[in-house]
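S.K.: Before we start, here is the structure in question, set down as structure tokens.
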């Protein structure tokens, strides 16, 4: 496969990861911060952008680790452990650097990094990329798309929840209850995208 | 086969070790902020190693800021004012702060990182909170289920407190299956004696800390406590005082009475002390002594039960009944209540029915 075709495939995978294969609303990964930090659009955007960055870069890193360390040594079955420690170390490192050199970026993004270190969406994306046997370029598209999909979902959710703040919700459904119902309805709505693209 | 397993384990360990080493090295370079000076309330300077959050840095310096979540930014209790050097307000703090708090530089100390010299302001009362090592110096039986304990302060050797405040006593692991807990007890001692703390404790059946105090603690034992806490205290007015407290609720009232004596306070005061039986009354001699020494103080014990053959000529009935009968100038008075939530709620109702303003009722609920 030549580079041009790969880039084209990466683009298709990226779009499909945002809409039809949304990591949050189709696979329900990364639900914890999705429910916890979706009260305001502003904070949700910050968290979402942090996820985009971490997802893309850890997918790339883990692809390299998998291809050049785990496969040659026949240790593919160790990918769960290795991926998670690579992610944890990377996030910590990034946080330290941002914290040191860019207080304003730290204020916008950095504070969210520890929240998503052990997020299952991040690990999930790395594992999917292995299962689906993506090439490096396609992996970049997939990581970016998954992150953008997560960002889209949490911003939409925060927007809905901000409007909900003034509505009367039955006592038993307040908080996580109504949020999960909304998440379910959003997932149904996203199913509408499935006819648009049949990317893998 | 064995070789495969060994190689696998080694590779994973190696990757882990490399990453850990990388992090440690970069932490040394990136997260090393060197020594930082924290100026607290313009009174005290502490020099600390930067890089950690303010809350844990202060805790390491034995300055205890209350926090329920342990620094994860979810409880919003660890607020303090950062005047200089705190950096930008983080989005993780915003939900916990009111507009006027943001304007006056209030921050969550668990989210503020010590990167440079700081100038902060904390509630002077929190500033005074310390961990104390004490020696149990005296245990006196007051009734069948109430004892008075005296703890001599060893390290630090004195505590300055406002009469009405309480301490938290550490109940250690004294029996298998019992965990360490802190429990709050009001200080009952004379505030002039800053080198020891006295408190009055009622045995709670099955209570972890009271069982420790009643069955395990012996004179001479080492005891740990921290404090002082609380804002229950005598106001600065001249209004006549109604004290209402039964049982171990006498502790802060006794402390306030000592304080009134020491400061020559001339306010009119009446102390309604409720008990079910005559034998549940205690420290009567001390109270009579206060009557003699204070300008205008009346001690009024009130006993519920019919004193079968007991020689009781004082007030009868519930303490609230006595208050209803005796207090004639409620709108001018201030009330200080201490005891169980039920007793306090009943007393507040009686007092407000008598015409006392709700803001003139101060209380310390023993929950």
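Read-outs: derived from the displayed coordinates by stated rules, not from any lab. Treat the numbers as computed from the prediction; the structure is a model and nothing was measured. Every residue, glycine as well, gets a Cβ built from its backbone with ideal geometry; the counts of neighbours run over all protein chains shown.
S.K.: What do you get when you divide the Cα radius of gyration of region B:239-367 by 2.2 N^0.38 Å, with N the number of residues? Don't skip to the answer; put the middle values down first.
M.R.: Working: Rg = 13.9 Å, N = 129, 2.2 N^0.38 = 13.9 Å.
Normalised by 2.2 N^0.38 Å, the Cα Rg of region B:239-367 equals 1.00.
S.K.: Kirkwood-based Rg over Rh for chain A (C-alpha set), two decimals? Don't skip to the end; give the middle numbers.
M.R.: On the way: Rg = 17.6 Å, Rh = 17.6 Å.
Rounded to two decimals, Rg over Rh is 1.00.
S.K.: Only helical DSSP H runs with n ≥ 4 go in: add -39500 (n - 2.57) per run for the protein assembly as shown, normalise by residue count and round the 222 nm mean residue ellipticity to 500 deg cm²/dmol. Walk me through the numbers before you get to the answer.
M.R.: Details: 18 runs with 231 residues, N = 567.
When only DSSP H runs of four or more count, the value is -13000 deg cm²/dmol.
S.K.: Got the relative contact order for chain A handy, in percent, Cα pairs under 8 Å and 6 or more residues apart? Before the final figure, lay out each step's value.
M.R.: Values: 233 pairs, mean separation 90.0, N = 200.
Rounded, it is 45 percent for chain A.
S.K.: Does anyone have the angle between helix B:284-293 and the longest principal axis of chain B? Alpha-carbon axes, 0 to 90°, nearest 10?
M.R.: 80 degrees
S.K.: Also: When the expected Rg is taken as 2.2 N^0.38 Å, what fraction or multiple of it is the alpha-carbon Rg of region A:1-105?
M.R.: Working: Rg = 16.4 Å, N = 105, 2.2 N^0.38 = 12.9 Å.
So region A:1-105 has a normalised radius of gyration of 1.27.
S.K.: Then there is this: Mind running the shape call on region B:35-126? Use the C-alpha gyration tensor, a ≥ b ≥ c as the square roots of the eigenvalues: rounded below 1.5 for a/c, prolate if a/b tops b/c, oblate otherwise.
M.R.: Numbers: a/c = 1.44, a/b = 1.33, b/c = 1.08.
Note, shape of region B:35-126 comes out rounded.
S.K.: Within 10 Å of each Cβ in peptide B:111-117, how many partner chain Cβ atoms are there on average? Round it to a whole number, please.
M.R.: Details: counts 1, 0, 3, 0, 3, 0, 0.
Counting other chains' Cβ atoms within 10 Å and averaging over B:111-117 gives 1.
S.K.: Further question: Against the longest alpha carbon principal axis of chain B, how many degrees, from 0 to 90 and to the nearest 10, is the axis of helix B:2-30 turned?
M.R.: Result, in degrees: 70.
S.K.: Further, regarding this structure: Going by alpha carbons, how many degrees (0 to 90, nearest 10) lie between the helix axis of B:250-262 and the longest principal axis of chain B?
M.R.: Once rounded, one gets 80 degrees.
S.K.: Same structure, new question: Can you put B:300, B:343, B:10 in order of Cβ neighbours within 10 angstrom, beginning with the fewest? All intermediate terms of the calculation are to be shown ahead of the outcome.
M.R.: On the way: B:300 19, B:343 23, B:10 11.
In order of increasing Cβ crowding within 10 Å: B:10, B:300, B:343.
S.K.: Find how many whole Å separate the alpha carbon centroid of region A:113-185 from the alpha carbon centroid of region B:283-330.
M.R.: 66 Å
S.K.: Counting other beta carbons within 10 Å of each residue's own, what order do B:190, B:45, A:133, A:99 fall into, fewest first? Mind dumping the intermediate values first?
M.R.: Numbers: B:190 17, B:45 11, A:133 8, A:99 22.
Result, fewest neighbours first: A:133, B:45, B:190, A:99.
S.K.: Hey, another quick one. Just B:36, B:110, B:338 to compare: in a GNM of chain B, with alpha carbon springs under 10 Å, which one fluctuates most?
M.R.: Judging by the Gaussian network model, the answer is B:36.
S.K.: Which value in Å does the Kirkwood hydrodynamic radius of chain B take, with 1/r averaged over all unlike C-alpha pairs and then inverted? Walk me through the numbers on the way to the answer.
M.R.: Values: mean 1/r = 0.0417 Å⁻¹.
Over chain B, the inverse of the mean reciprocal pair distance is 24.0 Å.
S.K.: Is the C-alpha gyration tensor of region A:114-153 telling us rounded, prolate or oblate? Criteria: a/c under 1.5 is rounded; beyond that, a/b larger than b/c is prolate, otherwise oblate.
M.R.: Working: a/c = 2.37, a/b = 1.43, b/c = 1.65.
Oblate is the answer for region A:114-153, as a/c is 1.5 or above yet b/c matches or exceeds a/b.
S.K.: Mind telling me which of B:207, B:73, B:274 comes out most flexible in a GNM of chain B, alpha-carbon contacts under 10 Å?
M.R.: Sorting by GNM fluctuation, first place goes to B:207.
S.K.: Something else now. How high is the relative contact order of region B:151-267? Use alpha-carbon pairs under 8 Å, at least six apart in sequence, and give a whole percent.
M.R.: Numbers: 180 pairs, mean separation 40.7, N = 117.
35 percent.
S.K.: Then there is this: Which one, A:138, A:71, A:52, has the greatest fluctuation when you compute a Gaussian network model over chain A with C-alpha springs under 10 angstrom?
M.R.: A:71
S.K.: Moving on. Within 10 Å of each Cβ in peptide A:39-45, how many partner chain Cβ atoms are there on average? Round it to a whole number, please.
M.R.: Values: counts 1, 3, 0, 2, 4, 1, 1.
Partner-chain Cβ atoms within 10 Å, mean over residues of A:39-45: 2.
S.K.: Still on this model: Nearest 5 percent is fine: what portion of the DSSP beta bridges confined to the protein assembly as shown is antiparallel? Present the calculation step by step, with values, prior to reporting the outcome.
M.R.: Numbers: 44 of 71 bridges.
Here the antiparallel bridges make up roughly 60 percent for the protein assembly as shown.
S.K.: For the protein assembly as shown, what is the largest minus smallest coordinate of the Cα atoms on each principal axis, given in angstrom and ordered from greatest to least?
M.R.: 106, 52, 50
S.K.: Among A:94, B:278, B:319, A:86, which comes first, then next, by fewest other beta-carbon atoms within 10 Å? Kindly include the intermediate steps, with their values, before the conclusion.
M.R.: On the way: A:94 18, B:278 14, B:319 25, A:86 22.
With the sparsest Cβ surroundings first, the list reads B:278, A:94, A:86, B:319.
S.K.: Report the antiparallel proportion of the DSSP beta bridges in chain B as a percent, rounded to a multiple of 5. Walk me through the numbers on the way to the answer.
M.R.: Working: 44 of 71 bridges.
Expressed as a percentage, antiparallel bridges in chain B total about 60.
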